[in-house]
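A.B. asks: Just dropping this structure here.
The values are calculated or read from the model by the stated rules, or taken from the named source; none is laboratory data. Just so you know, these numbers come straight off a predicted model, no measurement behind them. Here Cβ is always computed from backbone atoms with ideal geometry, including for glycine, and neighbour counts include all displayed protein chains.
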Amino acid sequence: AQSVTQPDIHITVSEGASLELRCNYSYGATPYLFWYVQSPGQGLQLLLKYFSGDTLVQGIKGFEAEFKRSQSSFNLRKPSVHWSDAAEYFCAVGPLGYALNFGKGTSLLVTP
Amino acid sequence: GAVVSQHPSRVICKSGTSVKIECRSLDFQATTMFWYRQFPKKSLMLMATSNEGSKATYEQGVEKDKFLINHASLTLSTLTVTSAHPEDSSFYICSASGGVIGEETQYFGPGTRLLVL
């Protein structure tokens, strides 16, 4: 069975500080991994995705994620957080063309 | 590219009435669309998978007669909440699967906030 765990429900960082959001997955085959961001009352925006190849994936808004098969992880990082990054972040895994299995999300708060 | 729209963005209705929500892929064709439901401060719960030209596949516990899904074209799927009740109030989000074959990605609509009085 496939599942996604986001261990941190809430994270608070200062503006300008670095950020890492954790994601661990359980998947029986080659995982296709995604990170989405959701602002309040909005839909989900794709930040980045991993299908194969280079394990360090670059996304939009300065985000990147690293796939580590040995740790079953796909952590999201950003070197310097902006106040506009405050949102809910979802990690997801799934086969191509099928529904995604989402983690419970991590709420990011950015302080001045 | 890869834009998905939903209409309406917000709807308030009386208990017992039906509400239709449209999901459109604006710049790509999607043979598969998905409908999710999201409760406050919760993750997304898959309700059903909608395939163009065929019946939707519902997840366990989702009433197919209550949540009618139609996927009549490659760019449009509709979700109709029939005889809505206050417990159906929620945030409904659709997604459409698109992109290069072998790299299909789900693109999400902005969501529809339903409030049943």
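A.B. asks: For segment A:27-39: of the residues being of a type in the set (S, T, N, Q) and surrounded by fewer than 18 Cβ atoms within 10 Å (Cβ to Cβ), which is farthest from the other protein chains (Cβ to nearest Cβ)?
C.D. replies: Of everything passing the filter in segment A:27-39, A:T30 is farthest from the other protein chains (Cβ to nearest Cβ).
A.B. asks: Among the residues of segment B:77-117, write down those that are crowded, with 17+ Cβ neighbours inside 10 Å, in a strand (DSSP E or B) and more than 14 Å from chain A (Cβ to nearest Cβ).
C.D. replies: Result: B:T78, B:L79, B:V81, B:V116.
A.B. asks: Another question about this same structure. In segment A:25-39, what residues are farther than 26 Å from B:G109 by Cα and either under 14 Å from the mean Cα position of the chain (by Cα) or of a type in the set (V, I, T) (or both)? Let's see the steps before the verdict.
C.D. replies: We begin by selecting, within segment A:25-39, every residue farther than 26 Å from B:G109 by Cα; these are A:26-30.
Across segment A:25-39, the qualifying residue is only A:T30.
A.B. asks: Related question: Does any residue of segment B:34-41 turn out to be of a type outside the set (V, I, T), under 18 Å from B:L74 (Cβ atoms) and at the interface with chain A (Cβ under 10 Å from one of its Cβ atoms)?
C.D. replies: Quick first cut of segment B:34-41, residues of a type outside the set (V, I, T) only: B:34-41.
Retained after the next criterion (residues that are under 18 Å from B:L74 (Cβ atoms)): B:34-35.
Now narrow it down to the ones that are at the interface with chain A (Cβ under 10 Å from one of its Cβ atoms): B:34-35.
There is at least one residue in segment B:34-41 that is of a type outside the set (V, I, T), under 18 Å from B:L74 (Cβ atoms) and at the interface with chain A (Cβ under 10 Å from one of its Cβ atoms).
A.B. asks: Now a separate question. May I ask you to verify whether B:K55 is within 11 Å of chain A (Cβ to nearest Cβ) and outside any strand (DSSP E or B)? Break it down into steps so the answer makes sense when it comes.
C.D. replies: Numbers: within 11 Å of chain A (Cβ to nearest Cβ): no; outside any strand (DSSP E or B): yes.
Spelling it out, it is not the case that B:K55 is within 11 Å of chain A (Cβ to nearest Cβ) and outside any strand (DSSP E or B).
A.B. asks: Select from segment A:40-62 the residues that are of a type in the set (V, I, T) and over 21 Å from B:G111 (Cβ atoms) and write down the one among them that is farthest from the other protein chains (Cβ to nearest Cβ).
C.D. replies: Result: A:T55.
A.B. asks: Looking at B:M33, B:M47, which is the one that is in contact (Cβ under 8 Å) with a residue 60 or more places away in the chain and within 26 Å of B:A2 (Cα to Cα)? I'd like the intermediate steps shown before the answer.
C.D. replies: Details: B:M47 fails: in contact (Cβ under 8 Å) with a residue 60 or more places away in the chain.
Sole residue among the options that is in contact (Cβ under 8 Å) with a residue 60 or more places away in the chain and within 26 Å of B:A2 (Cα to Cα): B:M33.
A.B. asks: Of these, A:G28, A:G41, A:G53, which one is modelled with pLDDT under 95 and either in a strand (DSSP E or B) or under 24 Å from B:K41 (Cβ atoms) (or both)?
C.D. replies: After applying the criteria, what remains is A:G41.
A.B. asks: Go through segment B:76-105 residue by residue and tally those that are under 30 Å from A:S52 (Cβ atoms) and in contact with a Phe, Trp or Tyr (Cβ under 7 Å, 6 or more places away or on another chain).
C.D. replies: Looking only at that region, the number is 6.
A.B. asks: I've got another one for you. Answer yes or no: is there a residue in segment B:64-75 that is more than 11 Å from chain A (Cβ to nearest Cβ), within 27 Å of A:S52 (Cα to Cα) and surrounded by 15 or more Cβ atoms within 10 Å (Cβ to Cβ).
C.D. replies: Taking every residue of segment B:64-75 in turn, none turns out to be more than 11 Å from chain A (Cβ to nearest Cβ), within 27 Å of A:S52 (Cα to Cα) and surrounded by 15 or more Cβ atoms within 10 Å (Cβ to Cβ).
A.B. asks: Which residues, taken from segment B:4-17, are of a type in the set (V, I, T) and in contact with a strand residue (DSSP E or B) (Cβ under 7 Å, 6 or more places away or on another chain)?
C.D. replies: Correct list: B:V4, B:V11, B:I12.
A.B. asks: Which residue pairs have Cβ atoms under 8 Å apart, sit 6 or more places apart or on different chains, and have a first residue in segment A:81-97 that is under 13 Å from A:A17 (Cβ atoms) and a second that is surrounded by fewer than 17 Cβ atoms within 10 Å (Cβ to Cβ) and among the basic types (K, R)?
C.D. replies: The qualifying pairs are A:D85/A:K61.
A.B. asks: Right, another one. Collect the residues in segment B:3-33 that are within 11 Å of chain A (Cβ to nearest Cβ), within 21 Å of A:P40 (Cα to Cα), of a type outside the set (V, I, T) and surrounded by 14 or more Cβ atoms within 10 Å (Cβ to Cβ), keeping them in residue-number order.
C.D. replies: Answer for segment B:3-33, where residues must be within 11 Å of chain A (Cβ to nearest Cβ), within 21 Å of A:P40 (Cα to Cα), of a type outside the set (V, I, T) and surrounded by 14 or more Cβ atoms within 10 Å (Cβ to Cβ): B:S5, B:Q6, B:S9, B:C23.
A.B. asks: Restricting to segment A:63-112, give me the number of residues that are more than 14 Å from chain B (Cβ to nearest Cβ) and either surrounded by 14 or more Cβ atoms within 10 Å (Cβ to Cβ) or in a strand (DSSP E or B) (or both). Working first, answer last.
C.D. replies: Here is the first cut: in segment A:63-112, the ones more than 14 Å from chain B (Cβ to nearest Cβ) are A:63-86, A:110-112.
In the following step, the residues that additionally are either surrounded by 14 or more Cβ atoms within 10 Å (Cβ to Cβ) or in a strand (DSSP E or B) (or both) were identified as A:63-68, A:72-78, A:81, A:85-86, A:110-111.
Summing the residues that are more than 14 Å from chain B (Cβ to nearest Cβ) and either surrounded by 14 or more Cβ atoms within 10 Å (Cβ to Cβ) or in a strand (DSSP E or B) (or both) in segment A:63-112 gives 18.
A.B. asks: Here is a further query. Criterion first (in contact with a strand residue (DSSP E or B) (Cβ under 8 Å, 6 or more places away or on another chain) and on the phi > 0 side of the Ramachandran plot) does A:S72 satisfy it?
C.D. replies: Yes; evaluated as a whole, the condition is true for this residue.
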